[in-house]
Amino acid sequence: MAKKRKRSEAAQAVVPPKKDDVAPERPARTLLGWKDKNVVNQDDEVNENGHSPVFRNKEKVLVTCSRRIIYRYRHLMLNVVSLLPHCKKDNKVESKETKGATLNELVELKNCSSCLFFECRKAKDLFLWMSKCPNGPSVKFLVSAVHTMEELKLTGNHLKASRPLLTFSTNFEKDAHWKLLKEMLLQIFETPKDHRKSKPFHDHVFVFSIVDDHIWFRNYQISVPHNESDKLPRGGLDKMTLVEVGPRFCLNPIKIFGGSFGGPTLYENPFYVSPNQIRALEKRKKAGKFAKKVKAKTRRKMHEMANPLEPDEFADMWKD
């Protein structure tokens, strides 16, 4: 029989060390590879909490539309999605009074900070909601002069998901509401640096210009000579040309709200005329033309009754 081990020997047995349940922290990933936390550059100083003091733009935009949207406006939305690599596309949302709460919840679920909502009314009018979620502000635009990339077929071309340069006309510094709109457009349409879906190149320009109190959007490719003999020196902008890519659209601001998809009205456009009123005026003009025709017919009949023609003596000559 085997001898029993004494208690003293069991106590002296070596206990295996316990493994840590927590996995080691993965190093941060950068464009140049994995970044070890132990190696710290002068530019990337780490605080006591382990966070870098350098601001990193984590802007994400949710792009969606309302139900019963027509194909032209849907194509415009898809063009905007292709221009913004930092956006997320979602299913259609019912355009009701409670759409604000629904969209705010969707933005939170998708982990976004802004929202572009294309709302189609009566299969004719397109409204664009631009909102910073969840606290606002938000803007409602009427979209007109829509031309998608498929319609234009322009010669310009640029890399998909490359970072754009944003240019604004000097009119944006004129009034307070234009400054607010400029800041919102800058935050939503600017692609964050080092975004995982973006390419680190600047080969196209977004142009926002104010004409007749409307914001006109254009997208241009920066065309540079590619021959080795014609390589541009730094700062040689004379030979650079701009070629339009598309899409084109015009934004007419209606109201600026203090909250997300609602709230107190910060600004209201005094020159805005709704498309329903324009269509009603056109119908009245057409109805006025018909009423003029009816009045002219009655006047003609009254004139004929007041001035009857004399009987013609040769009227029955050829009846026999």
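The values are calculated or read from the model by the stated rules, or taken from the named source; none is laboratory data. These numbers were taken from a predicted model, which means no experiment stands behind them. Counting neighbours? That spans all protein chains shown, and the Cβs are built from the backbone with ideal geometry, glycine included. Protein only, heavy atoms only, side chains kept; ligands, DNA and RNA dropped before computing areas. Shrake-Rupley method; radii C 1.70, N 1.55, O 1.52, S 1.80 Å.
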(request) Being among the basic types (Lys, Arg) and out of contact with any Asp or Glu (no Cβ under 8 Å at 6 or more places or on another chain) is the filter; apply it to segment 110-143 and report the residue that is most open to solvent (accessible area, probe 1.4 Å). (result) LYS122
(request) Specify the residue that is surrounded by the most Cβ atoms within 10 Å (Cβ to Cβ); the eligible residues are those in segment 204-239 that are among the acidic types (Asp, Glu) and modelled with pLDDT of 75 or more. (result) ASP213
(message) Every residue in segment 189-221 that is closer than 14 Å to SER82 by Cα, within 15 Å of the chain's Cα centre (by Cα) and not aromatic (Phe, Trp, Tyr), please.
(response) GLU190, THR191, ASN219
(request) Collect the residues in segment 144-183 that are surrounded by 13 or more Cβ atoms within 10 Å (Cβ to Cβ) and either in a strand (DSSP E or B) or at positive phi (or both), keeping them in residue-number order. (result) SER144, VAL146, HIS147, ALA161, SER162, ARG163, PRO164, LEU165, LEU166, PHE168
(request) Quick one: PHE249 ticks every box in (1) surrounded by fewer than 13 Cβ atoms within 10 Å (Cβ to Cβ); (2) aromatic (Phe, Trp, Tyr); (3) modelled with pLDDT of 95 or more except a single one, so which number is it? (result) (1)
(request) Quick one: ALA291 ticks every box in (1) at pLDDT 90 or above; (2) open to solvent by less than 60 Å² (accessible area, probe 1.4 Å); (3) in a helix (DSSP H, G or I); (4) more than 24 Å from ARG72 (Cβ to Cβ) except a single one, so which number is it? (result) (1)
(request) State whether the residues of segment 56-68 include one that is surrounded by fewer than 20 Cβ atoms within 10 Å (Cβ to Cβ), modelled with pLDDT under 80 and over 17 Å from the mean Cα position of the chain (by Cα). (result) yes
(message) I need the full set of residues from segment 184-203 which are open to solvent by 30 Å² or more (accessible area, probe 1.4 Å), part of a helix (DSSP H, G or I) and touching a residue at least 40 places away in the same chain (Cβ under 8 Å), in order please.
(response) GLN187
(request) Test GLU268 against the criterion of being open to solvent by 40 Å² or more (accessible area, probe 1.4 Å), of a type in the set (Asp, Glu), out of contact with any Ser or Thr (no Cβ under 8 Å at 6 or more places or on another chain) and at pLDDT 95 or above, and give yes or no. (result) yes
